[in-house]
Amino acid sequence: MTHPEIALLRMISQKILKTNFHEPQEIVKHLGAMQAQDYSMAKWAVGSRCDASEKSIEEAINSGKIIRTHILRPTWHFVSADDIYWMLDVSGPQVKKIVLSAAKKNGFDEKKLHKINSSIEKILAGNNSLTRDEIMQELNIQRDSGQGFLNSTIVMMNAELDGLVCNGIMKGKQLTYSLLEEKVPKTNGKLTKEEGLAKLAKRYFESHGPATLLDFTWWSGFPATTAKLAIHSVESELDSIEVDGKKYWFKKGLPSETEIPKSIHFLPSFDEILISYKTREITIAKEHQANAFTNNGIFWPIIIEDEKVIGTWKRTVKKQHIKIETNFFEPISADKKSLVLEAIKPFESYLEAKIVIE
């Protein structure tokens, strides 16, 4: 298996080239957890993998079919309502170590955070959706300084990792929080830590493979020793191959699905096709990486031709249309321009708005 073949199989695994899913929550469940700190672009990460419009994806988020919360590494992720509780059980304690370390430096011990959680529960009870600022006002925690912003981040992230809160209903363009159990009723079933880790590993490799131990360690946030045990518990349910001294795991039967026409795709910032792997040379040449993402973790929207990133793009909202500006790493031929125009049509359908590309 060559590196271009691995890159193509990742596109197949992630349902970028072809999908059998139609509902937004099905895409999220398939991928396990989708990075979502850029809310607008995260919705397109879902939409680029199914036929859903932006409006229908937002409806799925508002209704609780898709949950946006801190759950891996830590950062914002979309998670299916079906997965939220077992994934919090397995990943929450790992991420909370990081949060509690920051909390102690800012004068918050576990007892104080528990007391704040009780207050948040009262504030949000009854299906309330409040912005972070509104919650901080109720808690009398100031946010008018850098320190205040950090404190509010610690408070709300801790509440998320405890399974108390998640995203609420959008207030215009403002993000809000609601009580998780009021959006997604808790079930009685509970996985052991080993069962949860095994499920997480299988979900990752079946939806992101071919991928390595290092990739899974990065994506999940677990130490290599823990990740290795998780892989070992499910490797009989996966296929694997060794390429250039590295072992890659992936869904059984995946190579048989490669008969798919190649094409150009406009993908969002922080898309899983790049961010879910520790090293990214397979999908984007090393000399172009600085044009697509920074060392401190900022990822820009990308354009992929076949299985390789060939440029970046950005959108600007105008009165009558959406303007798309492209920045290709190398000049493109005249015949390829028509393919680029065709490639933006799914985004136009998703937005339900006219697009002008430059």
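The values are calculated or read from the model by the stated rules, or taken from the named source; none is laboratory data. Quick caveat: nothing in here was measured; it's all calculated off a predicted structure. Positions of Cβ are generated from backbone atoms using ideal geometry, with glycine treated the same way; all protein chains shown enter the neighbour counts. Accessible surface is based on the protein model in full, side chains and every heavy atom, while ligands, DNA and RNA are left aside. Shrake-Rupley method; radii C 1.70, N 1.55, O 1.52, S 1.80 Å.
Multiply the residue separation of residue 235 and residue 82 by 0.36 nm, subtract the distance between their alpha-carbon atoms, and state the gained length in nm to one decimal.
This chain segment gains 52.7 nm when fully extended.
Taking 2.2 N^0.38 Å as the expected size of a compact globular protein, what ratio does the Cα radius of gyration of the range 1-101 give against it, to two decimals?
Working it through for the range 1-101, the quotient is 1.15.
In nm, to one decimal, how far is the modelled label at residue 134 from the one at residue 153, with both set 7 Å along Cα→Cβ?
Inter-label distance under the simple model: 2.3 nm.
Can you tell me the mean projection area, over all orientations, of the convex hull of the range 99-245's alpha carbons? Units nm², please.
Numbers: hull surface 48.8 nm².
For the range 99-245, averaging the hull's shadow over all directions gives 12.2 nm².
Per the 1.4 Å probe, what fraction of the accessible area of the range 309-355, in percent, lies on carbon and sulfur atoms? Each step should come with its number before you reach the end.
Values: 1500 of 2980 Å².
C and S atoms contribute 50 percent here.
If you line up the Cα atoms of the range 56-163 on their principal axes, what length do they span on each, largest first, in Å?
That works out to 39, 28, 24 Å along the principal axes.
Summing Lys, Arg as +1 and Asp, Glu as -1, what charge do residues with Cβ under 14 Å from the Cβ of residue 53 carry, residue 53 excluded?
With Lys, Arg at +1 and Asp, Glu at -1, the net is -3.
For residue 112 and residue 53 in one chain, what is 0.36 nm times their gap in residues minus the Cα-Cα distance, to one decimal in nm?
Once the chain is fully extended between residue 112 and residue 53, it gains 17.0 nm.
What is the gain in length, in nm to one decimal, between residue 349 and residue 169 on full extension, counting 0.36 nm per residue of separation less the C-alpha to C-alpha distance?
Working: separation 180, 0.36 × 180 = 64.80 nm, distance 2.38 nm.
Stretched fully, the residue 349-residue 169 segment lengthens by 62.4 nm.
Using bins 5 angstrom wide from zero, how does P(r) for the range 201-358 break down, in % of all Cα pairs?
Computed distribution, short to long bins: 2, 8, 15, 17, 17, 15, 12, 8, 5, 2, 0.
Using Cα atoms only, what is the angle between the long axis of helix 84-105 and the major principal axis of the chain, expressed in degrees (0 to 90) to the nearest 10?
The helix 84-105 is inclined about 70 degrees to the chain.
Cβ neighbours within 10 Å, averaged per peptide: list 7-16, 89-98 in order, most packed at the top.
Numbers: 7-16: 22.3, 89-98: 17.8.
In decreasing order of mean packing, 7-16, 89-98 become 7-16, 89-98.
Within 9 Å, Cβ to Cβ, of residue 43, how many net charges do the neighbouring residues add up to if Lys/Arg are +1 and Asp/Glu are -1?
Computed value for this residue: -2.
Rounded to the nearest 10 Å², what accessible area does residue 225 have for a 1.4 Å probe in the complete protein model?
Accessible area of residue 225: about 100 Å².
What is the mean projected area of the alpha carbon convex hull for the chain, to one decimal in square nanometres?
Numbers: hull surface 76.2 nm².
Projected area, direction-averaged: 19.1 nm².
For the chain, what is the accessible area per residue in Å² when the probe is 1.4 Å?
48 Å²
Between the range 317-358 and the range 68-90, what's the alpha-carbon centroid distance in Å?
When both Cα centres are located, 33 Å separates them.
Around residue 284, with a cut-off of 11 angstrom between Cβ atoms, what is the net charge of the other residues, counting Lys and Arg +1 and Asp and Glu -1?
That sum, taken over residues with Cβ under 11 Å, equals 0.
Do you know the relative contact order of the chain, to the nearest whole percent, from alpha carbon pairs under 8 angstrom that are 6+ apart?
After rounding, I find 19 percent.
I'd like the accessible area for residue 21: 1.4 Å probe, protein heavy atoms, all chains in place, Å² to the nearest 10.
Here the accessible area works out near 50 Å².
Can you give me the angle between helix 110-124 and the longest principal axis of the chain, using Cα atoms only, in degrees from 0 to 90, rounded to the nearest 10?
The angle comes out at about 80 degrees.
What do you get for the angle between helix 334-343 and the principal long axis of the chain? Use alpha-carbon atoms, 0 to 90 degrees, nearest ten.
On a 0 to 90 degree scale, this one is about 30.
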